[in-house]
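Take a look at the structure below.
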Amino acid sequence: MNDDTNINITKKLYDGDAYLKEFEATVISCKESDDGRYKVILDETCFFPEEGGQTPDKGKLNDIDVLDVQTKNGIITHYVDKPLEEGTQVKGMIDWEHRFSNMQQHSGEHIFSGLVHSTFGYDNVGFHLSDNVVTMDYNGVLSMEDVYLIEEKANDVIFRNIEIIPSFPSDDEIKNIEYRSKKEIDGQIRIVTIPGVDVCACCAPHVKRTGEIGILKVMSVQNYKGGVRLSILCGKRALYAFRKKNEVVASITGELSSSEDTLVDSIQKIKEKGLSYKHKFSMACLKNVRRELEEIGADEKNVILFEDGLETATIRNLVNEMVEIHEGICGIFNGSDEEGYSFILASKNIDMKDVAGMLREKTGAKGGGSSAMIQGATSALKKDITEILHV
Ligand SMILES: [Zn+2]
């Protein structure tokens with residue numbers, strides 16, 4: 001069979017039983033794709049394809065890894081790296097740990113989005129569920145207080161262990177059901193109901209009861225397209241994230257001999273101390289620079305110094321003083337060959353925009369400024385900068 005349009009739509013075994021891990025099916029078609037993989041179509045499958053923002057199931061057909069699963073016009077295509085004979089029976093096996101985690105995340109998302117909808121009236125306008133991240137985009141702004149309120153309510157729904165019911169209502173029945181839906185759906189609509197919490201059109205497998213989600217934790221909130229983008233984690237993903245954070249906090253508190261409660265204060269103090277040392281060091285450097293400048297005669301046209309440890313404001317003041325005395329280009333490169341230089345250059349008589357252009361071209365310097373003064377950074381070496389500026 002060469003034309004997919006002659007193939008009947010694939011029976012989705014996960015619709016009837018989201019907990020089915022193994023199945024037997026007939027290979028309807030197996031064709032090599034342009035990238036060397038093989039596209040396998042079965043009469044039925046429990047592999048959930050990439051759909052509705054969720055990445056596909058992983059697993060095996062016989063002993064062959066399933067690399068990707070896509071769906072088009074109701075036909076599910078499994079991508080594998082070895083061919084399977086058409087007409088034969090294959091044994092399919094999905095990566096259950098991966099699938100169950102996806103079910104936990106997706107059911108968690110329904111609870112959260114249902115609560116956001118009933119509490120604030122916002123819709124989930126973008127959902128993404130991959131192996132690394134679960135995000136939802138809402139078309140309204142939620143404060144941190146709002147997010148914590150929904151997070152709290154969502155976990156209460158999880159603890160109440162409510163049944164999650166998928167169904168295929170008839171065309172007549174669907175008219176009387178109020179449900180959330182991200183887009184117009186062709187064909188029969190599958191409705192996922194969490195009684196008292198949410199009713200939503202959805203094609204994905206879900207856990208049977210909310211208790212199986214374990215826990216739902218919001219990991220980040222950011223403003224996004226006039227609303228917010230939230231990331232959440234459920235089940236073991238939340239556990240692993242907590243474990244990782246715990247280890248990071250433990251190692252920092254150990255390093256700073258601090259407790260978790262005083263950690264932020266401790267870091268703040270270290271930061272302040274660092275700034276104060278930086279300032280003292282800059283003042284000491286300034287004394288040296290002044291001594292250097294005293295030794296340079298006023299008839300010297302170009303004066304370029306290489307220093308390390310000066311603060312930006314100090315450099316600007318010095319360069320302003322230098323251009324009052326010297327005719328050519330005056331400036332300071334602050335830093336080292338190893339870590340790169342930041343610079344401020346100025347002149348009373350030369351267009352510094354030309355100099356900025358030259359530094360950009362010859363040293364890859366970044367930055368900009370006016371005809372009188374330029375500021376930027378470069379990773380070029382001192383000897384090359386000196387040569388380029390002819391000083
Ligand atoms: Zn869904």
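The values are calculated or read from the model by the stated rules, or taken from the named source; none is laboratory data. On a predicted model such as this, the values are computed, not experimentally measured, just so you know. Positions of Cβ are backbone-derived with ideal geometry, glycine not excepted, and every protein chain shown enters the neighbour counts.
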Listed by range, strands (runs of 3 or more DSSP E) wholly within region 1-86 having at least 3 residues that are among the charged types (D, E, K, R) and within 31 Å of the chain's Cα centre (by Cα) are 64-72
Yes or no: N246 part of a strand (DSSP E or B) and surrounded by fewer than 15 Cβ atoms within 10 Å (Cβ to Cβ)?
no
Log entry, pairs with first residue in region 6-21 being assigned by TED's automatic domain parsing to the domain that holds I76 and over 15 Å from G59 (Cβ atoms), second being surrounded by fewer than 19 Cβ atoms within 10 Å (Cβ to Cβ) and of a type in the set (G, A, S), beta carbons closer than 6 Å, six or more apart or on different chains, reads I9/G74
Scanning region 123-167 for residues that are away from the ligand (no atom under 16 Å from the Cβ), at pLDDT 95 or above, closer than 20 Å to Y224 by Cα and assigned to a loop (DSSP other than H, G, I, E, B) gives N139, G140, V141, L142, S143
K269 vs (1) over 21 Å from K383 (Cα atoms); (2) assigned by TED's automatic domain parsing to the domain that holds S371; (3) out of contact with any helix residue (DSSP H, G or I) (no Cβ under 9 Å at 6 or more places or on another chain): all pass except (2)
* In region 201-218, is there at least one residue being hydrophobic (A, V, I, L, M, F, W, C) and either over 21 Å from S101 (Cα atoms) or not assigned by TED's automatic domain parsing to the domain that holds F159 (or both)? -> no
_Tell me yes or no: at least one residue of region 196-214 is under 25 Å from the mean Cα position of the chain (by Cα) and among the charged types (D, E, K, R)._
no
Conditions (1) loosely packed, with under 13 Cβ neighbours inside 10 Å; (2) farther than 21 Å from M373 by Cβ; (3) in contact with a Leu (Cβ under 9 Å, 6 or more places away or on another chain) -> E292 fails only (2)
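For (1) modelled with pLDDT of 95 or more; (2) touching a Gly at 6+ places or on another chain (Cβ under 8 Å); (3) on the phi > 0 side of the Ramachandran plot; (4) not in a loop (DSSP other than H, G, I, E, B), each residue gets a yes or a no:
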| site | (1), (2), (3), (4) |
| --- | --- |
| I296 | no, no, no, no |
| K301 | no, yes, no, no |
| G309 | no, no, yes, no |
| T314 | no, no, no, yes |
| E327 | no, no, no, no |
| S342 | yes, yes, no, yes |
| L345 | yes, yes, no, yes |
Checked region 62-113 for anything hydroxyl-bearing (S, T, Y), out of contact with any strand residue (DSSP E or B) (no Cβ under 7 Å at 6 or more places or on another chain) and crowded, with 22+ Cβ neighbours inside 10 Å; matches are S107
Inside region 196-233, the number of residues satisfying the requirement of being away from the ligand (no atom under 16 Å from the Cβ), out of contact with any Gly (no Cβ under 6 Å at 6 or more places or on another chain) and in a strand (DSSP E or B) is 13
Residue check, V90 in contact with a Pro (Cβ under 7 Å, 6 or more places away or on another chain), more than 16 Å from the ligand (Cβ to nearest atom), among the aliphatic types (A, V, I, L, M) and in a strand (DSSP E or B): no
Filter result for G52 (surrounded by fewer than 19 Cβ atoms within 10 Å (Cβ to Cβ) and free of Cβ contacts under 8 Å to residues at least 12 places away in the same chain): no
Going through region 219-241 in order, the residues found to be under 15 Å from G108 (Cβ atoms) and touching a residue at least 24 places away in the same chain (Cβ under 8 Å) are L230, S231, I232, L233, C234, G235, K236, R237, A238, L239, A241
request  = Evaluate region 65-81: report whether one residue or more is within 11 Å of I41 (Cβ to Cβ) and of a type in the set (D, E).
outcome  = no
Apart from one, (1) surrounded by 12 or more Cβ atoms within 10 Å (Cβ to Cβ); (2) within 20 Å of I150 (Cα to Cα) all hold for I174; the odd one out is (2)
Exercise for the section: Assess whether M358 counts as being assigned to a helix (DSSP H, G or I) and within 30 Å of G274 (Cβ to Cβ). Expected result: no
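Residue-by-condition table, conditions (1) closer than 18 Å to D156 by Cβ; (2) free of Cβ contacts under 8 Å to residues at least 60 places away in the same chain:
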| site | (1), (2) |
| --- | --- |
| E178 | no, yes |
| Q188 | no, yes |
| C200 | no, no |
| H206 | no, no |
| R209 | yes, yes |
| K217 | yes, no |
Test: residue in region 353-369 that is over 41 Å from the mean Cα position of the chain (by Cα) and of a type in the set (A, V, I, L, M, F, W, C):
no
